[in-house]
1. Just one of (1) outside any loop (DSSP other than H, G, I, E, B); (2) under 21 Å from the mean Cα position of the chain (by Cα) trips up residue B:62, so point out which.
2. Yes or no: residue B:156 crowded, with 17+ Cβ neighbours inside 10 Å and within 13 Å of another protein chain (Cβ to nearest Cβ)?
3. Are there any pairs, at least 6 apart or on different chains, whose C-beta atoms fall under 6 Å, with the first in segment A:137-155 and open to solvent by less than 70 Å² (accessible area, probe 1.4 Å) and the second modelled with pLDDT under 90 and not in a helix (DSSP H, G or I), and if so, which?
4. Take the residues in segment B:65-81 that are away from every other protein chain (no Cβ under 14 Å) and of a type in the set (A, V, I, L, M, F, W, C); name whichever of them is farthest from the chain's Cα centre (by Cα).
5. Do we find that residue B:92 is surrounded by 22 or more Cβ atoms within 10 Å (Cβ to Cβ) and in contact with a strand residue (DSSP E or B) (Cβ under 8 Å, 6 or more places away or on another chain) in this structure?
6. Condition (residue is within 30 Å of residue B:87 (Cβ to Cβ) and in a loop (DSSP other than H, G, I, E, B)) applied to segment A:8-15: is it met by at least one residue?
7. I need the full set of residues from segment B:56-93 which are charged (D, E, K, R) and under 21 Å from residue B:159 (Cβ atoms), in order please.
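The values are calculated or read from the model by the stated rules, or taken from the named source; none is laboratory data. Remember, predicted model here, so these are calculated numbers, not experimental data. Backbone-built Cβ (ideal geometry, glycine too); neighbour counts: all protein chains shown. To get the accessible areas, we keep the full protein, side chains included, count just its heavy atoms, and leave off ligands, DNA and RNA. Shrake-Rupley method; radii C 1.70, N 1.55, O 1.52, S 1.80 Å.
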Amino acid sequence: MISRFSKTHIFKTFEILLVLSYMDLKVKYRSSILGFFWSFIKPFLQFLVFYSIFARLLPIADGNDYALKLFFSILIWSWFSEATTLGLNAYIGKKSIISKIKTHKLYPPLAAYLTPTMNYCLNFIIFAAAYVCFMPAFPEHIFTWSNTLIFFVSLFSISLLIVALNMMLANLNVLYRDVLPIWELVLTYGMFLTPIIYRIPIPKHYEPLYYSINLLAFPLVNLKSIFFTSQPALFGDTAIVTGYCIGMVVLLVAAYYCYRKLSHRMVDFL
Amino acid sequence: MIIIKNLTKTFKRYTVQNQSLKSLILHWRRHKKSMDQIDTLTAIHNLNLVIPEGEVFCITGPNGAGKSTLAKLIAGTIQPTSGSIERQGKIVPFLELGVAFNHELSGIDNVYLNGVLLGIDLAYLRKHKDEIFAFAELDTFAETPLKYYSSGMQLRLAFAIAMHAKGEIYIFDEILAVGDSGFQKKCLDCFHQLVSQKKTVIIISHDLEFIKKHADRLLVITPQKHFVLTHLPQAAYDINALISHCDQAVQSVSS
C-alpha cells in the first residue's frame, strides 16, 4: 500500500497532472497551423487591440509605461480566464476518462489550472524581456526581499483563486449547464471591472468591499506595484487586506463545501 | 479481495427537467421539494458479497439488471448510495465496451493518457509503447488520431494497455470478445495468464458458454434486484434455468 504522502505517490500524482495538462494543451491546438505558438500570439494580439483602442483612440493611457502595464495585466487576465474556462469543463470534457477509470476528482480541475499556468510562465519570460528593453525608467529597487515576497504571495493567491473556482465551477457545471453562459458573462464584466485596461475609480471607503468581491484585483495591483512604481501596493492598507482575506476565506470554504458535497456523485450526472 | 457490505445504488430518473439554476435561485424551496420528489431507480439493492483473491467471478443477468453499475461501483468510478466496498489491491477496469480515451488525440498520446491513469509509469510506457501497439496489431496507427480508429481498433488498443497495467483485480465488462478470432485468442491467452497468476478477475457477460467454462462463481442479477450466487461448475448446466427462475430462487444473498 502506497502512502498518500510517499515520494512514489507524489511523483505519480505529478505525472498524472502533467500528462493530463499536456494532453489538454494538445487537444486545444489540434488541427492548428501555429499550434502552441497561439499561447504567445493570442495575449500579444489582445494587447495590440486594447492598446490601439485605449492608448491611441481613447485618452485613457496613464504614464509612459502604460503599454507594458497593459501587457502585464493582460497576461494575468489571460491566465485567469483561460484556467477557469478550462476548469469549468474539467469534468464534462473528460467524461470518457472520469466515468471509466477511478481517478482523484481533484485531478481534472488541477490539470485545468496547470495548462494555462505553463503558458503564463512562458509568456512572463516574454514580458520580462520586453520590460528590460522598453521600460522608460527602470525601478532601482525592484529585486528587494519585500518585492520578492509580494511577487510569490500574489502568484500563489491567484493560483489559489483559480483552483478554488475550478473546484466549484467544474462540479456546478455538471449539475447546471447554465453555469457556462453565466461564467462567460462574469468574465466579460470582470475584464472591465478589474484594473487591467484602466484604474478603477473606487471611492476610498468602498475599496475593502471591492477587493473582497473582486479577488483577482488585489494580487494584480500588488504585482503591478513591483514592476511599476506609479502603482502603489495594497499590502499596507489593513482594511483592504482584511476585506480581501475575508473574501478569499469565504470562497475557499464555498469551494471546499461544493467539492465535498458534489464531487462523489458527479459521475452519476455526466 | 473485494468485500461488499449492504451495497445499494440508486439513480434519480429525471423524467422532469429540474436542472435549472434559475429555479434553484429564484424558487429554491420549491426546487428542493421537486428535486426530492423525483422518482428513483434502484440499480443495486442491499448486496453483500466477498470476492476472494484469485477468483474468476462472473456476473450475468438481463439488460438493465445493474451488472454494469455493479462493475462501476467495484471499479470505484461511481460511489454507492449506501453501504461500502473494500478493495484490497489495484483495480484495472475495462468498462462499458469502451475506455478512457480522448478521440482528438493520437493513438500514442492515448496510450500515455490511459496508461498513467491506470497507474503505469510514463517511463515504462515510453519503453513499451511499440509492444503495446504490436499487441493491438496497430503498429502503423500510432500517430493516427483515435477518431479515425474503428471501435474494434480502439478496444484492441485499450486491451493492450490494460494488460500492461499491473493490477490485482481486473474487471471486464463484455470485453473478452474483442476483435477478430485471432485477437480473441490473444485476449483469452491473456485471461488464462491472469488466472494462472492468481489475479482476481470479474467478468460481466451474457456468454453462458464462457461462464460455464471459466467462472469459479456466478452472480445472477435479476430485474427485481435479487442476487443469486452460485458455484461453478456444479451449477453450470443450470444457468439458463437459474436466470429464468431466479426471482423465485431462495439463494438470495442480499436478504
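1. (1)
2. Values: crowded, with 17+ Cβ neighbours inside 10 Å: yes; within 13 Å of another protein chain (Cβ to nearest Cβ): no.
Judged against the criteria, residue B:156 is not a match.
3. Final answer for the pair search is A:139/A:229.
4. In this case the residue turns out to be B:65.
5. On the way: surrounded by 22 or more Cβ atoms within 10 Å (Cβ to Cβ): yes; in contact with a strand residue (DSSP E or B) (Cβ under 8 Å, 6 or more places away or on another chain): yes.
Considered against the rule, which asks whether it is surrounded by 22 or more Cβ atoms within 10 Å (Cβ to Cβ) and in contact with a strand residue (DSSP E or B) (Cβ under 8 Å, 6 or more places away or on another chain), residue B:92 comes out as yes.
6. Going residue by residue through segment A:8-15, those that are within 30 Å of residue B:87 (Cβ to Cβ) are A:8-15.
Those still in the list that are in a loop (DSSP other than H, G, I, E, B) too: none.
The answer is no, given that none of the residues of segment A:8-15 is within 30 Å of residue B:87 (Cβ to Cβ) and in a loop (DSSP other than H, G, I, E, B).
7. At the first step, the residues of segment B:56-93 found to be charged (D, E, K, R) are B:67, B:72, B:86-87, B:90.
B:67, B:72, B:90 - these are the residues of segment B:56-93 that are charged (D, E, K, R) and under 21 Å from residue B:159 (Cβ atoms).
Let's see how each residue does on (1) of a type outside the set (Ser, Thr, Tyr); (2) surrounded by fewer than 19 Cβ atoms within 10 Å (Cβ to Cβ); (3) under 18 Å from the mean Cα position of the chain (by Cα):
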position	(1), (2), (3)
B:140	no, yes, no
B:147	yes, yes, no
B:151	no, yes, yes
B:166	yes, yes, yes
